[in-house]
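Worksheet: one structure, shown below.
What follows is calculated from the coordinates using simple rules that are stated; it is not laboratory data. Keep in mind the model is a prediction, meaning the values are calculated, not measured. Reconstructed Cβ throughout: ideal geometry from the backbone, glycine too, with neighbour counts over all protein chains shown.
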Amino acid sequence: MNYENWISYRYLIASKGRFLSFLNFISIAGVAIGVMALIVVTGVMTGFGNNLREKIIGTTPHIMVEKETGIRDYEEIKKQISVIHGVKGVSPYIQGSVFIENNGQAMGVAIRGIDPETENQVTEVDKYLVQGKLKDLDEEHVIVGSELARYFGYSLGDPITIISPGSGIAGQGWRYELKIGGVFNTGMADLDMNLIIVHLHKAQGIFNLPKNVSTGIGVKLYNPNRAREMKGSFYDFIGRGFLVRTWIDINRNLFEALFLEKWGLFIILTLMILVAAFNIVSTLIVSVASKIHDIGILQSIGVTKKSIRSIFTKQGLFIGFCGTSLGLAGGCIISYILKTYVRVPQEIYSIDHVPVDLQLSDMGIIVVCAMLICYLATIYPAAKAAKLQPVEALRYE
């Protein structure tokens, strides 16, 4: 340890007077609380964001290949897509809108026709089933969301009436009496209220489509984060006559809102560390004022102004380092307690605990920002100490 570090350390732990010791404590505590709050909040925000992301990926294919007029001979297109590097599974689907009727009440909902034998290759719908089984889905049954089932009082085996958009034409018979074959619960109220799932062949009948036609093909990738960069590969294989969309494209607004919310809170909470930095400024100013005699002696024996500045800069950095370290440890401990012991209403969030996810990149940014703010807080007091002249410092000795 060189003499600058040693003197800085001694000034920090061997301050004369309770007032200066109290200022050191307040400065360290202020930085620690700010860092701790930042770590906990960003961890919780990241956890909830990742939880939502997993739900979206679990109920939506990573890539959707569609065509405005429908995909004819979708089995052939499936074979072309299956050989693309990075593709894990493919399955056809039909997406549209219908009305459901119950005791004179009608409601518009989205309907999704799936192939029960291949749907598990692209989504995890069966993971969210709370009643019924996906493999038992046939042309006589339908799977509804938990919110929709609660709203209409549906249970397994109950009848449900589906009316296709063209049923206003008399004599077409576009009114279907089916039965509830399952209930899913994703925890996303909008999806659980406005989506019903039927067999692919039943959806073809509802929308009057031939047996070899689907509105799209869902694709699952080994790495869902590569969905955007792989869009070009799909166009190379199947041509530009198709519309290729990714799960990121569909939910762009949602993820941008989450991103802005997370970093908005980060900036707001960083102000706590900024407030703590003012404590460091006041602490160093008081320290400089109380060490004028020491500064004069150091300069009289040949210590340079650069070294004087470095002594008080390092004292502020020691305060910042202690506060950041304590805040980092405290944030990790509180995050662990939240994740392990704090429960949340499962019926609202579909999970029974706080989904805290601490990422090294986030913690690294927090630590760097905290230390940078603490360093900036030392510039003025350290420069003030370096400007003192030995004669002035020792005038009254």
Net charge within 12 Å of ILE63 by Cβ-Cβ distance, Lys/Arg positive one each and Asp/Glu negative one each, not counting ILE63 itself? +3
Given +1 on the Cβ of Lys and Arg, -1 on the Cβ of Asp and Glu, and no further charges, what dipole in debye does the stretch 31-107 carry about its Cα centre, rounded to the nearest 20? 260
So TYR235 and ASP73, fully extended at 0.36 nm per residue minus their Cα-Cα distance, gain in nm 56.6 nm
Provide the gained length on full extension for the span PHE259 to HIS201, in nm with one decimal, where the gain is 0.36 nm per separating residue minus the Cα-Cα distance. 16.9 nm
Helices from the chain with mean Kyte-Doolittle at least -0.5 and a Cα length along the axis of 27 Å or more, per DSSP H: which? 18-59, 252-290, 305-341, 360-387
Per-pair calculated FRET efficiency, R0 = 45 Å: VAL344 and THR118 via Cβ, rounded to 0.05: 0.80
Would you mind computing, in nm to one decimal, how far apart the modelled labels at VAL130 and LYS384 are, each placed 7 Å from Cα along Cα→Cβ? 6.2
Quick check for me: using +1 on Lys/Arg Cβ and -1 on Asp/Glu Cβ, what's the dipole size of the chain about its Cα centre, in debye to the nearest 20? 2040
DSSP-defined antiparallel bridges as percent of all bridges, the chain, nearest 5: 80
So if I place +1 on the C-beta of Lys and Arg and -1 on the C-beta of Asp and Glu, and nothing else carries charge, what would the dipole magnitude of the stretch 61-250 be about its Cα centre? I want it in debye, nearest 20. 460
Using a Gaussian network model of the chain with C-alpha springs under 10 Å, which one of VAL219, VAL344, VAL122 is most mobile by mean-square fluctuation? VAL344
Place +1 on the Cβ of every Lys and Arg and -1 on the Cβ of every Asp and Glu in the chain, take the dipole about the Cα centre, and give the residue among ALA383, LEU243, PHE278 whose Cα lies farthest towards its positive end. ALA383
When all C-alpha to C-alpha distances in the chain are sorted into bins of 10 Å, what percent of pairs does each bin hold, rounded to whole numbers? 5, 18, 19, 16, 12, 10, 9, 7, 4, 1, 0, 0
Could you tell me which of rounded, prolate or oblate describes the stretch 49-116, using a ≥ b ≥ c as the square roots of the eigenvalues of the alpha-carbon gyration tensor, with rounded for a/c under 1.5 and, failing that, prolate when a/b is larger than b/c and oblate otherwise? oblate
The farthest towards the positive end of the charge dipole of the stretch 61-250, of the residues GLY108, TYR154, GLY89, given +1 on Cβ of Lys and Arg and -1 on Cβ of Asp and Glu, is GLY89
How much length, in nm to one decimal, is gained on full extension between TYR151 and TRP6, taken as 0.36 nm per residue of separation minus their Cα-Cα distance? 45.1 nm
